[in-house]
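Take a look at the structure set out below.
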Amino acid sequence: MTAPAEATALIRGAQRIICICHVMPDGDAIGSLIGLAFALRKMGKPCTLACADSVPERLLFLPGVTEVQPVAPADEDLIITLDCSDTERIGALYDADLFAQKRVLNIDHHITNVQFGEVNWVEQRAATAEMCLELIAALAIPLDIAIATCLLTGIVTDTRSFRTSNTTPDVLRAAIRLIEAGASLADINEQLNQYNSPSRVCLWGRALSNARMQERVIWAEITPHLLATCSATIEDTEDLVSFLVATRGIDVALLFTDRGDGEIEVSMRAARDVDISGVALHLGGGGHPQAAGCICKGTLGEIETLVLKATTDALRAQGRLS
């Protein structure tokens, strides 16, 4: 597959570009953001790198991370959103009136994307970084080690080091192209998978010790008190829900994170033959069949009850529960 002509035309016609990825960014969001922005600069396009939240500590090895700032669009004439399924995922950088005045290219691999751009390139892929690689090729921009490292990090992150069912031959071919361009798969895996701070170990240990299971669902809680006790941050919760879903006999794992502001973030992971995306979409979120999430207003107890019922209803509808 190749990038759509509408996407390349928007980029070629732009004078100044701002690339924005989603809040609480992961490796695919930051990798896509930096990799694409660096490539666009090779075309002579001034390009701003923006994210409402800071780059997680475990991704600070990527080149160019210091350029990622919480800056809203200003004099740019093209906005490129990356890995954002809806405008809420843009966070504080989204302003409806401002976005209406700009051309918007929406690049995303989430099937629940609400198509909010002027041009929406949305495909069910392993990672947005995979799509960025195709866009760079369509624009005839040569790869270098910095671009390749960022994009390979995105692919590795969203395939869990090529362990998920979305690891297709096309994904592996994309990875080979990036490795040939100079990216080190070994170094990326070491940075992503061997970065456990004492606070992260403390947080996971306490959360796992209180995990509960019921009707092929396992769930755990993260509270502000727990974060404070372990001197941890929200980013220390990354991958915990993926660890939970690997529990034998479990179809769905849920992680409820009380952000302390009246909102509960719900991260969802499902076994390979289970689709959890409908539950997330119903609750105002989105994602993939096996990896989704949402943010709900209410108390931790209220949201747990709501999400657990929706999850077990979905499992019954899919024949996983009697």
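For the range 269-322, enumerate the residues that are closer than 20 Å to Ala246 by Cβ and among the charged types (D, E, K, R).
Hits for the range 269-322 are Arg269, Arg272, Asp273, Asp275, Arg320.
Looking only at the range 207-222, how many residues end up being more than 22 Å from Ile276 (Cβ to Cβ) and surrounded by 16 or more Cβ atoms within 10 Å (Cβ to Cβ)?
Residues flagged as more than 22 Å from Ile276 (Cβ to Cβ) and surrounded by 16 or more Cβ atoms within 10 Å (Cβ to Cβ) within the range 207-222 amount to 0.
Do any strands (runs of 3 or more DSSP E) lying entirely in the range 158-266 carry at least 1 residues that are polar (S, T, N, Q), and which ones are they?
Where strands (runs of 3 or more DSSP E) fall fully within the range 158-266 and carry at least 1 residues being polar (S, T, N, Q), they are 212-214, 252-258.
Kindly provide the set of residues from the range 41-77 that are hydrophobic (A, V, I, L, M, F, W, C) and without any contact (Cβ under 8 Å) to a residue 60 or more places away in the chain, ordered by number.
Residues satisfying the conditions are Cys47, Leu49, Ala50, Cys51, Ala52, Val55, Leu60, Val65, Val68, Val71, Ala72, Ala74.
Looking only at the range 227-252, how many residues end up being in contact with a Cys (Cβ under 9 Å, 6 or more places away or on another chain) and surrounded by 19 or more Cβ atoms within 10 Å (Cβ to Cβ)? Give the derivation first.
Filtering the range 227-252 for residues in contact with a Cys (Cβ under 9 Å, 6 or more places away or on another chain) gives 229-232, 236.
Narrowing the set further to residues that are surrounded by 19 or more Cβ atoms within 10 Å (Cβ to Cβ) leaves 230, 232, 236.
Of the residues in the range 227-252, 3 are in contact with a Cys (Cβ under 9 Å, 6 or more places away or on another chain) and surrounded by 19 or more Cβ atoms within 10 Å (Cβ to Cβ).
Taking the conditions exactly as written (of a type in the set (D, E, K, R), surrounded by fewer than 22 Cβ atoms within 10 Å (Cβ to Cβ), in the same structural domain as Asp158 (by TED's automatic domain parsing) and within 20 Å of Ile234 (Cα to Cα)), does Glu67 satisfy them or not?
Values: of a type in the set (D, E, K, R): yes; surrounded by fewer than 22 Cβ atoms within 10 Å (Cβ to Cβ): yes; in the same structural domain as Asp158 (by TED's automatic domain parsing): yes; within 20 Å of Ile234 (Cα to Cα): no.
Against the criterion (of a type in the set (D, E, K, R), surrounded by fewer than 22 Cβ atoms within 10 Å (Cβ to Cβ), in the same structural domain as Asp158 (by TED's automatic domain parsing) and within 20 Å of Ile234 (Cα to Cα)), Glu67 does not qualify.
Only one of Thr311, Thr305 is more than 28 Å from Gln115 (Cα to Cα) and either in the same structural domain as Leu254 (by TED's automatic domain parsing) or assigned to a helix (DSSP H, G or I) (or both); which?
Values: Thr311 fails: more than 28 Å from Gln115 (Cα to Cα).
It is Thr305.
Does the range 134-145 contain at least one residue that is surrounded by 21 or more Cβ atoms within 10 Å (Cβ to Cβ) and within 14 Å of the chain's Cα centre (by Cα)?
Scanning the range 134-145, I find no residue that is surrounded by 21 or more Cβ atoms within 10 Å (Cβ to Cβ) and within 14 Å of the chain's Cα centre (by Cα), so the answer is no.
Per-residue answers, yes or no, for (1) assigned by TED's automatic domain parsing to the domain that holds Leu33; (2) within 29 Å of Asp275 (Cα to Cα); (3) in contact with an Asp or Glu (Cβ under 8 Å, 6 or more places away or on another chain):
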{"position": "Val114", "(1), (2), (3)": "yes, yes, yes"}
{"position": "Ile136", "(1), (2), (3)": "yes, no, no"}
{"position": "Ala140", "(1), (2), (3)": "yes, no, no"}
{"position": "Asp144", "(1), (2), (3)": "yes, no, no"}
{"position": "Ser165", "(1), (2), (3)": "yes, yes, no"}
{"position": "Ala174", "(1), (2), (3)": "yes, yes, yes"}
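Among the numbered criteria (1) within 20 Å of Val156 (Cα to Cα); (2) of a type outside the set (Gly, Ala, Ser); (3) in a loop (DSSP other than H, G, I, E, B), which single criterion is violated by Leu36?
(3)
Scanning for something farther than 27 Å from Phe162 by Cα and surrounded by fewer than 22 Cβ atoms within 10 Å (Cβ to Cβ), does the range 18-26 turn up at least one residue?
Within the range 18-26 (the criterion being farther than 27 Å from Phe162 by Cα and surrounded by fewer than 22 Cβ atoms within 10 Å (Cβ to Cβ)), the answer is no, since none of the residues qualifies.
So that you can scan it fast, the table gives a plain yes or no per residue for (1) under 16 Å from Leu60 (Cα atoms); (2) crowded, with 19+ Cβ neighbours inside 10 Å; (3) modelled with pLDDT under 95:
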{"residue": "Cys132", "(1), (2), (3)": "no, yes, no"}
{"residue": "Asp158", "(1), (2), (3)": "no, yes, yes"}
{"residue": "Thr164", "(1), (2), (3)": "no, no, yes"}
{"residue": "Pro169", "(1), (2), (3)": "no, no, no"}
{"residue": "Arg173", "(1), (2), (3)": "no, no, no"}
{"residue": "Glu180", "(1), (2), (3)": "no, no, no"}
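The values are calculated or read from the model by the stated rules, or taken from the named source; none is laboratory data. Please read these numbers as outputs of a predicted model, since none were measured by experiment. Positions of Cβ are backbone-derived with ideal geometry, glycine not excepted, and every protein chain shown enters the neighbour counts.
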